[in-house]
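J.: Got a structure for you, written out below as structure tokens; questions coming shortly.
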Amino acid sequence: MSHTAFFYGTLMAPPVLHRVIWGATAAPPTPAHASQLHVRPAVLHDHRRHRVKHADYPAVIPAKTTKSGASCVRGTLVTGLTDGDMWRLDTFEGAEYQRRKVRVRVLLQEEAGGAGRVETEVLPRRRSRGNTNEGGEEIEAETYIWVAGAHRLRPEEWDFEEFVRDKMTRWIGWDAAGADEGFQGRS
């Protein structure tokens with residue numbers, strides 16, 4: 001069975017995702033493995049990404065629309081995940097998260113910042129009615145929602161580029177850091 005998942009944190013980095021689903025390697029073990037996954041930029045509306053206190057990884061929780069606009073989280077939509085991949089992802093995420101079905105909108109390349117830049121933003125009200133993703137299809141996916149309590153979250157946004165620059169090598173090892181030469185903090 002094939003699964004579709006939306007990732008908004010450390011798993012946006014291909015070497016981290018590969019290490020979690022394929023084990024000791026930060027790159028696909030074979031070309032067949034590489035061809036089964038398809039990654040696209042996407043956005044999850046009505047949610048907000050936070051830093052987790054004393055952790056390198058973020059949390060996403062549902063967020064209500066405010067006067068300034070609707071909260072949304074940009075991330076990656078990955079299709080082609082197997083039942084085994086999902087089991088390993090569930091184990092990786094642990095009890096702090098619950099896997100839930102959500103609707104995400106696939107971003108067109110130019111909407112994703114040209115090179116697939118991943119970030120969270122608060123959309124102005126005039127853009128929160130779908131204009132941000134005009135042309136992108138809406139897809140059902142699974143994502144990991146934080147359930148470990150708001151007391152463990154910091155109010156500020158988690159920074160993907162900071163993770164890649166300062167912390168990712170601890171997650172994948174120095175040898176694996178250069179394994180995906182095309183990856184430079186972009187998904």
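The numbers here are math on the coordinates, done by the rules we state, and not lab data. What you are looking at is a predicted structure, and each value in this text was computed from that prediction instead of being measured. Please note: Cβ atoms are built from the backbone with ideal geometry, for glycine as well, and neighbour counts cover all protein chains shown.
J.: Mind sorting S2, S71 by how few other Cβ atoms lie within 10 Å of their own Cβ, fewest first? Please list the in-between numbers first.
T.: Working: S2 10, S71 23.
Sorted ascending by nearby Cβ count, the order is S2, S71.
J.: Next up: Would you order M12, M168, M86, M1 from fewest to most other beta-carbon atoms within 10 Å of each residue's own beta-carbon? Numbers along the way, then the final one.
T.: Details: M12 25, M168 22, M86 16, M1 6.
Taking fewest neighbouring Cβ atoms as first place, the list is M1, M86, M168, M12.
J.: A follow-up question, please. Could you sort 57-63, 73-79, 35-41 so that the peptide with the highest average Cβ count within 10 Å comes first and the rest follow in order?
T.: Values: 57-63: 19.9, 73-79: 24.0, 35-41: 15.7.
Top to bottom by mean Cβ count within 10 Å: 73-79, 57-63, 35-41.
J.: Then there is this: Using a 10 Å cut-off around each Cβ, can you sort F6, F163 from fewest to most neighbouring Cβ atoms?
T.: Working: F6 25, F163 21.
Arranged by neighbour count, lowest to highest, F6, F163 become F163, F6.
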